[in-house]
Amino acid sequence: MTDRPRTRLYLITPPAIEDIDGFSDALMAALEAGDVACLQMRLKAGDAIDEAATRALADTVMAPVQEMGVAVVINDSPSLALELGADGVHVGLDDVPVAEARRILGPDAIVGATCKASRHRAMVAGEEGADYVAFGSFFPTVTKDKATPADPEILSWWQETMELPCVAIGGITVERAAPLVRAGADFLAVSSGVWNHAGGPAAAVAAFNTVFDTAGAADGN
């Protein structure tokens, strides 16, 4: 694991955004504060994606985010990702299958897959053409009512077994990040750990990047 690339931040929007302009300002400040690989738009209406809210947010932030070199991924809906010109889609266990998402978006798009704590599901997702697999929840989370617990050991197993990148998700904060970095997470997916950070989103992004540098260095990364 010594030659594994540095862990990066995978930012997820809050599930609802009332003030798009205010959120946009906070988002741009956060992206300027440190390395962010990806922004997932995860705006929900009940259990489903809020397509109207996602379109409204995309109209404001997608172009400037992409211009900063940050990939934009839409939660749940490959058809909406295609419509909006996003870089890809993230699909859950009950959403469109990975292979179908790949068919809709084409070979160059990002397709990520939720795998919770299932090694089998992760291997199947890779076989179906996923670009990354997401494991979690590693900690209690306020953004999902029915989170499946996962152990950091699954990240280590994945790194030792597979080449496909893995994402750790679920209740991750700056204080909880280091063990997941050391366990082998290529990306940490974070929502409230950034947006609800006491110092603000920009301070959170900077702090996460400090953890990636220090924890990765301690692991020989």
Check your understanding: Which net charge results for the neighbourhood of Val70, defined as the other residues with beta-carbon distances under 13 angstrom from its beta-carbon, given Lys and Arg at +1 and Asp and Glu at -1?
Key -> -3
Check your understanding: Residues with beta-carbon under 9 Å from that of Pro165, excluding Pro165: net charge, scoring Lys, Arg +1 and Asp, Glu -1?
Key -> -3
Exercise for review: With a point put 7 Å past each Cα toward its Cβ, work out how far Glu32 is from Ala99 in nm, to one decimal.
Suggested key: 4.7 nm
Point to revise | Of [x] 8, 32, 30, 18, 9, 3, 0; [y] 8, 36, 40, 15, 1; [z] 8, 32, 35, 19, 6, 0, the label for P(r) over Cα pairs in 10 Å bins from 0, in percent derived from the coordinates | key: [y]
Check your understanding: Using a simple spin-label model with points 7 Å from Cα along the Cα→Cβ vector, what separation in nm is obtained for Thr210 and Glu18?
Key -> 3.1 nm
Exercise for review: Give the order of Ile169, Ile104 when sorted by the count of other beta carbons within 10 angstrom, beginning with the fewest.
Suggested key: Ile104, Ile169
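Might you report the magnitude of the Cβ-based charge dipole of segment 8-218 about its Cα centre, with Lys and Arg at +1 and Asp and Glu at -1, to the nearest 20 debye? Spell out each step's value before the answer.
Values: 13 positive and 29 negative charges, 114 e Å.
The dipole of segment 8-218 has a size of about 540 debye.
Would you mind getting me the FRET efficiency between Gln66 and His120? Use the beta-carbon distance for r and R0 = 30 Å, nearest 0.05.
0.30
Among Asp213, Asp21, which comes first, then next, by fewest other beta-carbon atoms within 10 Å?
Numbers: Asp213 16, Asp21 9.
Listing Asp213, Asp21 from fewest to most nearby Cβ atoms yields Asp21, Asp213.
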Review point. Which one of Pro64, Leu164, Val194 is farthest out on the positive end of the charge dipole of the chain, using unit charges on Cβ (Lys, Arg +1; Asp, Glu -1) and the Cα centre as origin?
Key: Leu164
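Each reported figure results from applying straightforward, stated rules to the coordinates on display, with no laboratory input. Since we're looking at a predicted model, the values are computed, not measured. A quick note on method: Cβ atoms are made from the backbone with ideal geometry, for glycine too, and the neighbour counts reach across all protein chains shown.
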